[in-house]
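What follows is a set of notes on a single structure, which appears directly below.
The values are calculated or read from the model by the stated rules, or taken from the named source; none is laboratory data. Note that the structure is predicted; figures quoted are calculated from it, not measured. Every residue, glycine as well, gets a Cβ built from its backbone with ideal geometry; the counts of neighbours run over all protein chains shown. The accessibility values were calculated without ligands, DNA or RNA, using every heavy atom of the protein model including side chains. Shrake-Rupley method; radii C 1.70, N 1.55, O 1.52, S 1.80 Å.
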Amino acid sequence: MSQGKSSRPAETPPVVYTAEQAASLITRYQSVRKPHPFDGRCPYVGAAPFRESDARLYFGHENQLEALLDHIEHDAKFICISGPAKSGKTSLIQAGLTFALRNGAIMDSDAWPIQTLTPGDAPLRRLTEACAGLGERAGLHKSIADAIRQHGLTSPGDMRDFVDALLGADARRRLVLVIDQFEDVFTAADDAERRAFIGLVAQLAKNPPARLILILAMRSEFLDQLARYPELHKQFTSHMIELPLMEPKELARAIVLPALETGATIEPALVARLVNDVYGEPDMLPKLQTILRNLFMAIPVKRGAEKTLLLADYIDFGPLREREGDRLPAPTDEQAPAIQRPLREALGEQRAVSHFARQEARLRLMKTVTAIAAALGALAIAFGAFGLAQRAQFSQQADAAATAEAIAQADATRAIQTASAAGFAQSTAEAQATRAEQERQIAVATRTAAEAAATQSATERRLALDERATAIAIATSVVNRERNAVMLEATISAVATQSSIQARDALAAKATAEANLSATRSRELAAVALNQLADDPQLALLIAIEAEQAAHTAQSEDALRLAMARAFRDDGVFRHPAAVTDAQLSADGKYLLTASRDGVARLWDIASGEVITAFRGHLGQVTSAAFSPVGRQIATSSTDRTARVWNLDTGRTITVLVGHTGVVNDAAFSPDGKLLATGGADRTVRVWDLASGAPFTNPIQLGAVVSQVVFLEDGVIGVLTANGAERFDLRTGLSAGAWSRDGLPQFTRLPDGALAVQRGSTTVTLYGHTAPAAVADARADRIVTVSADGTARMHLLRMDALIERARSLLGRELTCEERVRFLNEVRRCPAS
């Protein structure tokens with residue numbers, strides 16, 4: 001366990017790092033992650049490289065990891081890592097890059113397959129076996145994997161076929177293939193194997209498959225040997241990220257932050273001493289990790305108890321370099337008891353025992369080095385056994401839910417009555433016969449008079465019939481005329497209706513023809529504008545305005561937006577020193593809040609384009625930013641595993657929310673501004689009470705990385721992961737069904753950095769970005785996009801507003817000569 005005494009000559013190495021700097025680093029970290037009890041883990045891995053499972057204890061190479069992610073986000077297909085031996089290349093790949101990609105550091109990267117291999121003495125066979133195994137784990141049919149093993153992957157075509165078979169039709173997925181310790185091709189492989197493998201890698205570097213990301217890692221000492229293969233050497237050096245030995249500040253982060261992550265503390269003086277002792281050593285990383293692991297394991301402490309690493313313990317167990325003051329003069333017998341008691345009280349029992357064991361050894365006139373080494377060895381074995389027993393105990397403790405006489409009488413009576421009446425009638429008839437004779441004589445006279453009158457009446461009747469026939473003939477004629485008039489009127493009405501329809505159809509046809517003519521004219525002018533774009537973007541913009549005013553077509557809008565982006569590249573642009581990850585417009589549309597991978601959130605005045613407030617404090621990238629719907633507050637989330645609430649006016653932190661164990665990807669306020677929901681790479685959604693800063697409910701566990709959280713109706717939040725969109729009841733944490741995102745903007749990334757945004761039944765292309773971009777906020781009249789090119793852009797959606805903005809920036813119209821030349825107008829221009 002002891003590191004032994006340095007064999008270097010007694011000299012005082014330069015001081016490159018101080019205890020004050022270490023104390024400042026510890027204070028800054030503890031301000032964002034509250035101290036917690038020691039969890040029993042050793043935070044140092046020793047001489048072995050960091051693995052993916054050690055990622056939460058991996059610190060120091062954040063800048064190089066950021067550079068790797070930046071290259072991949074900008075669609076790099078070939079990346080090379082070069083650094084001296086033992087500079088941490090394997091750790092950077094495993095605990096840095098692999099962990100970050102698997103946890104969604106780049107959009108959709110948590111669904112990318114990643115394969116790491118070392119060439120060894122048979123690089124082609126190892127490449128084939130690694131890819132075949134990856135295919136089997138990814139669900140490819142065994143026959144495909146067997147075919148790969150049988151035929152091998154020896155050409156770019158083979159690799160392209162394998163990538164297509166592995167990734168299927170999903171254009172968002174990538175295969176990340178990492179070849180670590182590439183120097184093996186020079187130290188272990190024979191010449192034929194080396195040439196074949198380097199030839200394959202060179203072809204893949206020059207013309208890689210569209211969905212393959214190839215990463216090489218090699219010790220920088222072998223660049224001279226690689227120069228003998230110019231086809232790969234040129235590609236390697238032009239795509240190289242250097243990994244130099246750590247600087248003092250990086251070494252300090254690698255010492256301090258793992259300890260604090262496990263709940264241990266470390267004395268600032270020890271941090272400074274370790275940095276100064278190992279800095280400049282060629283193998284300083286493994287040496288530093290070995291010293292720290294041995295020192296940490298030498299003094300076992302139970303989980304939950306206080307664990308502190310002290311400078312005195314480091315000196316007692318043997319520093320890497322002895323310095324003045326490490327050896328104290330031995331006290332006399334009379335001085336020893338007086339010295340021991342205050343020293344025990346000041347340093348604690350554990351430190352004092354170690355100190356006075358050393359002092360007593362010196363008083364015994366320096367017993368032999370062999371005896372001291374044996375004692376220390378026994379002590380190491382005892383502590384190691386105790387530590388193993390403790391870890392076994394902790395492991396055991398940690399391991400433990402439909403339903404016809406009457407009628408005849410009447411006839412007889414009537415017959416009697418009839419007979420009586422007949423007798424009476426006979427008497428009456430005789431009397432009447434006498435009167436009838438008298439009346440006959442009168443009737444004869446009357447008849448003679450009537451015959452004379454009848455003759456006269458017949459004559460009058462004949463005349464009346466003649467008049468009636470005449471009247472009927474006249475009436476018939478009138479009816480016929482009226483009927484003919486009605487028929488004529490109906491015919492005229494039908495003709496008039498048909499004429500009206502024909503006139504309307506003619507007008508519609510005319511309007512359609514005019515619209516088609518205008519649309520054709522618009523498309524022609526849009527093509528003219530695009531032809532002038534490379535030579536004179538402002539002239540192209542003026543022609544595109546004419547095209548849009550001729551008629552609105554998809555071509556005229558596209559030409560107008562493209563010309564606007566080329567002619568005035570900085571209009572509506574908010575520039576940052578690093579990739580912009582999120583942006584949100586204020587409710588009144590006057591301000592823009594942005595989040596960036598430089599660790600800063602910014603509030604912009606849209607009218608002036610100036611930064612009003614910069615919100616600094618996160619120790620990592622800022623992944624999202626949001627306005628509170630009430631009050632003067634904003635919230636941000638970060639890769640430092642925290643979310644923060646800020647005062648919008650002062651830019652100061654109000655609350656730091658600590659609890660996530662991975663990157664926090666998004667944060668969203670509740671409608672009343674009292675709660676904040678966060679989601680991240682640890683596959684949880686957490687809801688916080690902003691008044692107290694404490695969790696409002698238990699974390700909601702999900703099966704994939706959370707990329708977005710949104711408060712929906714009362715008591716329900718929407719969560720977006722790689723598995724889909726789902727609604728959750730925040731009080732119970734249970735699923736409330738699928739979350740429909742139909743009303744949200746849908747967009748497609750185009751290869752040149754442009755975005756195709758679906759607006760109703762039409763697609764609008766937004767130009768201006770030079771790297772992959774995404775829609776961050778969408779309103780009825782504008783859309784805000786963010787990009788890895790370090791900008792946020794505001795795009796006006798209404799064409800009249802876009803034309804008005806273009807005219808205000810141009811400050812001129814087309815000249816007479818330009819209208820004749822480019823618009824084919826016939827006019828006479830004055831001589832210039």
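Okay, here's what the table says:
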item: FRET efficiency for Ala47 and Glu713, using Cβ-Cβ distance with R0 set to 45 Å, rounded to 0.05; result: 0.20
item: FRET efficiency for Ser155 and Gln225, using Cβ-Cβ distance with R0 set to 30 Å, rounded to 0.05; result: 0.80
item: Where Trp646, Trp112 fall by accessible area, highest first, once all protein chains stay in place (1.4 Å); result: Trp112, Trp646
item: Nearest-0.05 FRET efficiency for Ala23 and Ser692, computed from C-beta distance (R0 30 Å); result: 0.50
item: Global form of the range 56-112, assessed from the alpha-carbon gyration tensor, a/c cut-off 1.5; result: oblate
item: Probe 1.4 Å, all protein chains present, accessible-area order of Glu261, Glu610, largest first; result: Glu610, Glu261
item: Heavy-atom SASA rank of Lys34, Lys590 (probe 1.4 Å, accessible area, largest first); result: Lys34, Lys590
item: Interchain or long-range residues, amide H under 5 Å from Ile654's placed H; result: Val645, Trp646, Asn647
item: Nitroxide proxy distance, nm - points 7 Å out along Cα→Cβ at Ala704 and Ala490; result: 7.1 nm
item: Probe 1.4 Å, protein heavy atoms only - accessible area per residue of the range 230-273 in square angstrom; result: 36 Å²
